[in-house]
Every structure is written in C-alpha cells, then in structure tokens.
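Heads up: the structure comes next, in structure tokens.
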Amino acid sequence: MSASSGDLGRPRVGVLAVQGAFAEHERALAAAGSEPVQVRDATQLEGLDAIVLPGGESTTLGLVAEGSGLLAALRERLDDGLPALGTCAGMIVLARATTGGAQPLVGGMDIVVRRNAFGRQRASFETSLDVPALGPEPVDAVFIRAPWIEEAGPGVEVLAKVAGHGVAARQGDLMVTAFHPELAGEPRFHEWLVDRARSRLEAGDGRERRRDRVRAQ
C-alpha cells in the first residue's frame with residue numbers, strides 16, 4: 001500500500017521482533033506519533049528512522065540476529081547514526097561488553113553491562129525513579145531479570161540509578177534502560193526516540209526515503 005502525503009513526515013521506527021514484548025513497544029511508538037515496523041531480517045532495516053531493541057533473552061536475541069545477518073546490518077546502521085532505544089536485553093545488546101563472558105553484541109554505547117544483576121525472575125520488582133532528563137514526574141520502572149551498568153565511558157550520561165548502579169543512560173542518539181517502560185505505560189522514552197527520529201528526518205537524512213515514498217504513490 002502506498003503512503004499518503006500525510007505520512008511523509010511520520011517517522012518509521014522499527015522494533016526488533018525476534019523475541020520480547022515487541023507488540024507493547026509498537027503500541028507505545030504509535031502513540032508517540034510514529035509508524036512502527038516489525039524487523040526480523042536485515043532487509044527490513046531499510047528506510048527506518050530509528051529502532052527499538054526490546055527485552056527478552058539477550059544471548060538468544062544476539063545469536064538469532066547474528067545468524068540471520070541482522071546483527072551486522074544493525075551495527076552498520078547504528079554506526080551511520082540511526083537512533084535506538086534498548087530496554088533490558090536491548091540494553092545488553094547495545095553495550096560494548098558484558099561482565100558475564102562473550103556473547104553477540106551490536107555495541108554502540110560505551111557501557112559494560114552486568115546481566116541479571118538484580119537476581120533471577122523471582123527477584124523482579126517495580127519502583128519509581130527520578131529521571132530529571134525526562135522531566136519532574138517520576139518514572140514507573142518494571143525490572144524483570146534486569147541488568148545494570150557496571151561501567152560507563154565519559155561520553156555516556158547516566159540518567160537514573162538503583163542501589164548505586166546505572167539503570168538508564170544516553171549517549172548521543174542512543175538510549176538504554178534496564179527496565180521495561182513499555183510494560184509500565186511510561187511513554188517518555190519512546191517519545192524521546194520518536195523525537196530523535198523526527199529530527200533526523202527533518203534534518204535531511206530521510207529526504208531520499210521521502211522521495212521514494214512520493215514515487216511509490
């Protein structure tokens with residue numbers, strides 16, 4: 001189906017749909033004013049203005065994406081400046097390293113992450129966090145087998161901490177959370193991503209895609 005002229009300024013934001021609560025991310029992205037797109041292979045990265053890497057099991061996610069060629073393609077797109085939001089396992093996959101041994105990673109953020117840092121499934125919890133970068137209202141945060149940031153490089157802005165450890169961070173157009181904003185109905189992380197995607201589109205990085213859409217009508 002061809003895009004209408006009214007769709008040309010609506011960012012297309014991918015959701016890595018290998019595993020995890022990608023449907024909840026899609027709803028949050030749509031509410032934030034984007035066009036969500038499920039991504040399962042490298043070809044589906046074409047024409048995206050941003051991407052979400054959701055929760056799940058990070059090793060499985062990395063292995064599946066690596067085997068399909070998606071991991072390398074995603075790494076290339078992030079190197080080109082594609083904005084991204086990684087939640088829980090997505091935070092792990094966007095890290096440069098983990099403390100628990102080697103696993104396939106996209107990288108991009110100068111952080112080292114500890115997997116299952118708060119404990120296993122039965123140690124899951126929900127809390128309110130102060131995240132001043134998102135405004136004065138606290139963030140409802142759901143932690144499920146959550147990681148934390150063990151090390152952060154000088155270019156990384158740690159946005160929130162629990163027990164002295166970073167659980168949300170930003171570096172350029174990349175943002176990560178150890179928790180699940182999509183499960184708590186917390187919209188501001190997705191709104192941030194859509195804003196970054198829209199800025200990228202309006203700055204000219206999406207001009208070729210807009211021309212392609214016009215030709216497709």
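General observations
- Amide H contacts of VAL52 (H built 1.01 Å from N, in plane; Pro and chain starts excluded): GLY14, VAL15, LEU16, LEU85 sit under 5 Å, all sequence-distant by 5 or more or on other chains.
- Equivalent ellipsoid semi-axes - Cα gyration tensor, the stretch 5-216, angstrom: 27, 19, 15
- For the stretch 5-216, the Cβ-based charge dipole about the Cα centre amounts to some 240 debye (Lys, Arg positive; Asp, Glu negative; other atoms uncharged).
- Considering only alpha-carbon pairs that sit under 8 angstrom and 6 or more positions apart, the relative contact order computed for the stretch 5-216 is 21 percent.
- Rounded to whole Hz, the Karplus (6.51, -1.76, 1.60) HN-Hα couplings of the stretch 176-192, x for glycine and proline: 9, 9, 7, 10, 10, x, 5, 7, 8, x, 8, x, 6, 5, 5, 4, 4
- Separation of the GLU46 and THR127 label points, Cα + 7 Å toward Cβ, nm: 4.6 nm
- Model label points for ALA184 and GLU137, set 7 angstrom from Cα along the Cα-to-Cβ axis, are 1.3 nm apart.
- From least to most packed, judged by other beta carbons within 10 angstrom and beginning with the fewest, ARG122, ARG188, ARG114 follow the order ARG122, ARG188, ARG114.
- Summing Lys and Arg as +1 and Asp and Glu as -1 over all other residues whose Cβ lies under 9 Å from the Cβ of ALA28 gives a net charge of -4.
- Likely footprinting exposure, ILE51, ILE144, fewest C-beta neighbours within 10 Å first: ILE144, ILE51
- Between the listed residues ALA197, ALA178, ALA17, the Cα displaced farthest toward the positive end of the dipole of the stretch 5-216, a dipole computed from Cβ unit charges relative to the Cα centre, is found at ALA17.
No lab work stands behind these numbers, since they all come straight from the coordinates. Quick caveat: nothing in here was measured; it's all calculated off a predicted structure. Glycine gets a Cβ as well: all are built from the backbone with ideal geometry, and neighbour counts include every protein chain shown.
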